Amino acid sequence: MTFTSGGSKGSGEGSSPKSPPPKRSIGQVIDAIAKWAVLIVGLPIRAAAAIVAQFVANGGAGRSVVGGLLFMMGSAISADSIWQTVFRQRALFPWFESGWSWFNVPATVFNPFFYLAFLIAVGLQVIEAYALRGKNPDSARRELQDSMVYDLESKPSGKIDLVSELWKDYKTAGMKDRSTAGLISLAIWVFDLVTTFAARNPFAYSEPLTILTCIMFNIATMLAGEIGFAIWQLTKD
């Protein structure tokens, strides 16, 4: 008894032979080569354009990097005054500094105490910036609305002294914090002013223009971190 397989016979019948891929013409080959050449040659230009776009376009990473560097540079300039006055070290930057040398840069950058001076300068800049900008209008409005919820009772009469004192505390709630914050801000401004002008004394010069320039530079140094922070905030838009 024999069995025959129907699929074994003529297995190749009915299947069309694979056609070879069409050959490219010389013009197509030249066109492909030209496209690759343009892509390779233009790659640096495209990369440069993409980098520039990051610095120009809103929300670009490059703008935030530049703003951050300006903030770090401004804080470092402010830290230089504290570094000289508090830590009694040589200046990092050469402006209005007598006896400055290039050796001061590695001697400062690799000194861990400079970064302590940098942190102090950043803290001073934050508090001074808060004192300069004041409260946000929305924050001030919320605080006002929260305070208006409470109605002040009339001053009690014929009560023990403790009740009168607690009534005064209730009446002046929050005023002590405002006064303390103002005194702390004033003390920090004085500290920053003293360290800055002690590091670069404008009256050590004899020419009036140099004295005025040094004074203006000292004021700019005190505000350098705040200016850099403001620029950094603008670059984040």
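Using the 10 angstrom Cβ neighbour count as an exposure proxy, how do 87, 96, 110 rank, fewest first?
110, 87, 96
Note that region 76-126 shows a convex hull volume over its alpha carbon atoms of 66 Å³ per residue. Counting neighbouring beta carbons within 10 Å and listing from fewest to most, the residues 31, 192 come out as 31, 192.
Applying a 10 Å radius around every beta-carbon, put 76-85, 214-223, 36-45 in order of their mean neighbour count, most first. Kindly include the intermediate steps, with their values, before the conclusion.
Numbers: 76-85: 24.2, 214-223: 17.3, 36-45: 9.7.
Listed from highest to lowest mean packing, they are 76-85, 214-223, 36-45.
Listed highest first by mean packing, meaning other Cβ atoms within 10 Å per residue, what order do 183-191, 117-125 come in?
Working: 183-191: 12.9, 117-125: 20.1.
Top of the packing list down: 117-125, 183-191.
What ranking of 128, 97 emerges when the number of other C-beta atoms within 10 Å of each C-beta is taken as an exposure proxy, fewest first? Walk me through the numbers on the way to the answer.
Numbers: 128 19, 97 16.
So the ranking, lowest neighbour count to highest, is 97, 128.
Computed from backbone phi with θ = phi - 60° and the Karplus coefficients 6.51, -1.76 and 1.60, the 3J(HN,Hα) list for region 211-217 is 4, 5, 5, 5, 4, 5, 5 Hz; x is used for glycine and proline.
Values in this text are rule-based calculations from the coordinates and carry no lab data. Keep in mind the model is a prediction, meaning the values are calculated, not measured. No Cβ is skipped: glycine too gets one built from the backbone with ideal geometry, and neighbour counts run over all protein chains shown.
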